[in-house]
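**Student:** Pasting a structure here, questions to come.
Please treat every number below as a calculation from the coordinates, not as lab data. Here the structure is a predicted model, which means the values were calculated and not measured. Every residue, glycine among them, receives a Cβ derived from its backbone with ideal geometry; neighbour counts consider all protein chains shown.
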Amino acid sequence: MNHAIAELQKRAGFLEGEIEDAQDFARRAAGKATDARLELKRAEEEAEKKRDVLLQLHSEREELLSAIEILRGTDRPDGSGRDD
């Protein structure tokens, strides 16, 4: 009987070690998940900034193209259409 109890205690000790290892793993995984969420948030913020810059550049490009078209329309090679 004592042998059976000793075996059960040995097995319980082993399982306690396994549980502690699993808990440590879970804590590390939770920390990595938190880090990943923070990195994702930073990446989303950076993407939003870049999107805003892209929209601004697109708007400026459209303004420049419009100005070019206006200049082309008022400054023809034959001199017609000039405002000056």
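**Student:** Suppose each label sits 7 Å from its Cα in the direction of the beta carbon; what would the Q9-E39 distance come out to in nanometres?
**Tutor:** Simple spin-label model gives 4.7 nm for this pair.
**Student:** Here's another thing I want to ask about it. Return the calculated 222 nm mean residue ellipticity for the chain, to the nearest 500 deg cm²/dmol, obtained by summing -39500 (n - 2.57) across DSSP H runs with n ≥ 4 and dividing by the residue count.
**Tutor:** Estimated from H runs of four or more residues: -33000 deg cm²/dmol.
**Student:** In a GNM of the chain with a 10 Å cut-off on Cα contacts, which of E60, E46, E69 has the highest mean-square fluctuation?
**Tutor:** Maximum among the listed residues: E69.
**Student:** Short version: ³J(HN,Hα) in whole Hz for each residue of the range 66-72, in order, from phi by Karplus 6.51 cos²θ - 1.76 cosθ + 1.60 (θ = phi - 60°), x for Gly and Pro, what are they?
**Tutor:** Result, rounded to whole Hz: 5, 5, 4, 4, 5, 5, 5.
**Student:** Something else now. Applying the Karplus parametrisation 6.51 cos²θ - 1.76 cosθ + 1.60 with θ = phi - 60° to the phi angles of the range 5-12, what ³J(HN,Hα) value in whole Hz is obtained for each residue in order, glycine and proline being reported as x?
**Tutor:** 5, 4, 5, 5, 5, 4, 5, 4
**Student:** Continuing with this model, one more query. From the phi angles alone, apply the Karplus equation (6.51, -1.76, 1.60; θ = phi - 60°) to the range 41-54 and give each ³J(HN,Hα) in whole Hz, x where the residue is Gly or Pro.
**Tutor:** With coefficients 6.51, -1.76 and 1.60, one gets 4, 4, 5, 5, 5, 5, 4, 5, 4, 5, 5, 4, 5, 4 Hz.
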